[in-house]
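We did not get these values from a lab; they are worked out from the coordinates using the rules stated. Note that the structure is a prediction, hence the values are computed from the model and not measured. Here the Cβ positions follow ideal geometry from the backbone for every residue, glycine too, while neighbour counts run over all protein chains shown.
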Amino acid sequence: MNFEFSDEQNMLREQARAYLAEHCSTGAVRKVLESDLAFDEQLWQGTVEMGWTSAAIPEDYSGLGLSEMELCVIAEELGRALAPVPFGPSIYLVAQAVLLAGSEEQKQQWLPKLSHGEAIGTLALSEGAGSPSCNLLQAQVGNGKLKGKKTPVMYGMIADVAIVVAKGESGLPGLYLADLSNPGVERKSVASIDESRPQAEITFTDVDVELLGEGEELIDQLLDRAAVLFAFEQLGGAERALEMAVEYAKERFAFGRQIGSFQAIKHKLADMFASLEMCKANCYYAAWALTTNSEELPLAAATARVSASQAYYHCSKENIHIHGGSGFTWELDAHLFYRRAKVLSLAIGGERRWKERVVKHLDASTAA
């Protein structure tokens, strides 16, 4: 398969990169990281004005009606810039969930708000340590009321609406839409390795919720779609980490030579490049599968998610090592990418969960 982005999509990439270079420096990231701010409100408003939040939302719901391919481009650039905004939880997760399973009334109520940045969304999936599993859910819904605890929840302290994974009265796991302004919602901040992507613990006590849909298959469909978009965000971060390492290897001299001329550094950079190219190939394949709604999407999404998590962690870690002693300092930006790599790798279930899905779908494909 020969896949590439169109001229229009590459133009969108250039515009997004230029905008973020001007409005989202690492100084802006540090401002959020070192303060009590949950996100950069000015940058968030900028993403709304640029039309990024509305890109893949249909025109009937105040969106631009573009495809997920454009959303992949935006996600990659946000990842490169380490943008400290709640774009992923709102757009990759809540907007996609409502589009996928919401009623017409739910779409009319929430999609325009998400499109205009008037509401911030999040996914309440995990219930503590370990990989999230539909078989072990403690959160339950009865008579339209939700009880349970979810942690960690990205941007849970400031989100307006949550898609909650809980067990329904039928015993099946489902997606439930919860307005977090309803009574019975209690929030508590949770420490995170990357405070520019803050986490929370949310306790639901008889909270009114609306059913989007039931069944593990529906939940997997949502997570598969989100996995592709998060993979592109991870790809963008990995690309920038490699660029930082190459730039430093060219300008840093030791024993009268550029350190990039030493074999040990060459090997590190080559390994980073190889993992990045593997990640890019899998992400492009997943983008095609997502946009065409291919039956190959579950395998493509899981493969992209695994390779993107591995590539981002590898590139961000080696970037620190190549910078040597200064790489471990707070003043250098290398640790910002390492922090984001760790947080994104756990955003919708850790690497183990997605490896298991790769194996599951490969086994099914082989059997077929």
**Added length on full extension, which subtracts the Cα-Cα distance from 0.36 nm per residue, Phe328 to His116** = 72.4 nm
**Request:** Using only Cα atoms, find the angle between the long axis of helix 104-115 and the longest principal axis of the chain, and express it within 0 to 90 degrees, rounded to the nearest 10.
**Result:** 30 degrees
**Request:** May I ask which residue of Gly128, Ser326, Ser307 lies farthest towards the positive end of the charge dipole of the chain, with charges of +1 (Lys, Arg) and -1 (Asp, Glu) on Cβ and the Cα centre as origin?
**Result:** Ser326
**Prompt:** Across the chain, how large is the tail of the calculated P(r) beyond 33 Å, expressed as a percent of all Cα pairs?
**Reply:** 27 percent
**Message:** Could you tell me how far the Cα centroid of the stretch 222-279 sits from the Cα centroid of the stretch 161-210, in Å?
**Reply:** 36 Å
**Request:** Would you mind computing, in nm to one decimal, how far apart the modelled labels at Ala191 and Ser62 are, each placed 7 Å from Cα along Cα→Cβ?
**Result:** 4.0 nm
**Asked** Using modelled backbone amide H atoms (1.01 Å from N, in-plane), which distant-in-sequence or interchain residues come within less than 5 Å of Gly213's amide H?
**Response** Leu175
**Asked** How big is the stretch 129-228 by Rg and Dmax over its Cα atoms, in Å?
**Response** 13.2, 38
**Prompt:** Excluding Gly142 itself, what net charge comes from residues whose Cβ is under 15 Å from its Cβ, given Lys and Arg +1 and Asp and Glu -1?
**Reply:** -2
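Excluding Lys355 itself, calculate the net charge of residues whose Cβ lies under 14 Å from the Cβ of Lys355, where each Lys or Arg counts +1 and each Asp or Glu counts -1.
Numbers: positive: Arg305, Arg352, Arg353, Arg357, Lys360; negative: Glu351, Glu356, Asp363.
With Lys, Arg at +1 and Asp, Glu at -1, the neighbours total +2.
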**Item:** Debye intensity ratio I(q)/I(0), log10, the stretch 1-123, q values 0.11, 0.13, 0.19 Å⁻¹ (C-alpha model)
**Value:** -0.38, -0.52, -1.03
**All Cα pairs of the stretch 59-187, percent lying beyond 25 Å** = 27 percent
**Message:** Could you identify which residue out of Arg252, Arg197, Arg13 has the top mean-square fluctuation in a GNM of the chain using Cα springs shorter than 10 Å?
**Reply:** Arg252
**Request:** Could you tell me how many degrees, from 0 to 90 and to the nearest 10, lie between the Cα long axis of helix 68-81 and the main elongation axis, the longest principal axis, of the Cα atoms of the chain?
**Result:** 50 degrees
**Complete:** In degrees rounded to 10, the 0-90 angle between helix 351-367 Cα long axis and the longest Cα principal axis of the chain is 80 degrees
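Can you tell me the dipole magnitude for the stretch 254-368 around its Cα centre, using point charges on the Cβ only (Lys, Arg +1; Asp, Glu -1), in Debye to the nearest 20?
Computed about the Cα centre, the dipole is about 260 debye.
What number, rounded to the nearest 500 deg cm²/dmol, is the helix-based mean residue ellipticity at 222 nm of the chain, given -39500 (n - 2.57) per DSSP H run of at least four residues and division by all its residues?
After summing the helix terms and dividing by the residues of the chain, the value is -17000 deg cm²/dmol.
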**Complete:** XL table Lys147/Lys360; Lys107/Lys342; Lys317/Lys360; Lys317/Lys342; Cα-Cα > 22 Å flagged, in table order, is Lys147/Lys360; Lys107/Lys342; Lys317/Lys360
**Item:** Karplus-derived 3J(HN,Hα), 6.51/-1.76/1.60, for each residue of the stretch 176-191, Hz, glycine and proline x
**Value:** 10, 9, 10, 6, 6, 8, 5, x, x, 9, 10, 10, 9, 5, 10, 4
**Fill in**
Candidates Ala200, Ala308, Ala18; GNM for the chain (alpha-carbon contacts under 10 Å) flags as most fluctuating Ala18
**Asked** For Asp206, which sequence-distant residues (separation of 5 or more, or a different chain) have an amide H within less than 5 Å of its own amide H, given hydrogens modelled in the peptide plane?
**Response** Leu146, Lys147, Gly148
**Request:** Could you list which residues have their amide H under 5 Å from that of Leu180, counting only those 5 or more apart in sequence or on another chain, with H placed in the peptide plane?
**Result:** Val161, Ala162
**Asked** If you build a Gaussian network model of the chain, linking Cα atoms that sit under 10 Å apart, which residue out of Gln263, Gln199, Gln234 swings the most?
**Response** Gln263
**Asked** How large is ³J(HN,Hα), in whole Hz, for each residue of the stretch 291-296 in order, when computed from phi with the Karplus curve 6.51 cos²θ - 1.76 cosθ + 1.60 and θ = phi - 60°, using x for Gly and Pro?
**Response** 5, 8, 6, 6, 5, 7
**Prompt:** What nm value, rounded to one decimal, do you get for the distance between Thr203 and Asp271 when each label is placed 7 Å out toward the C-beta?
**Reply:** 4.6 nm
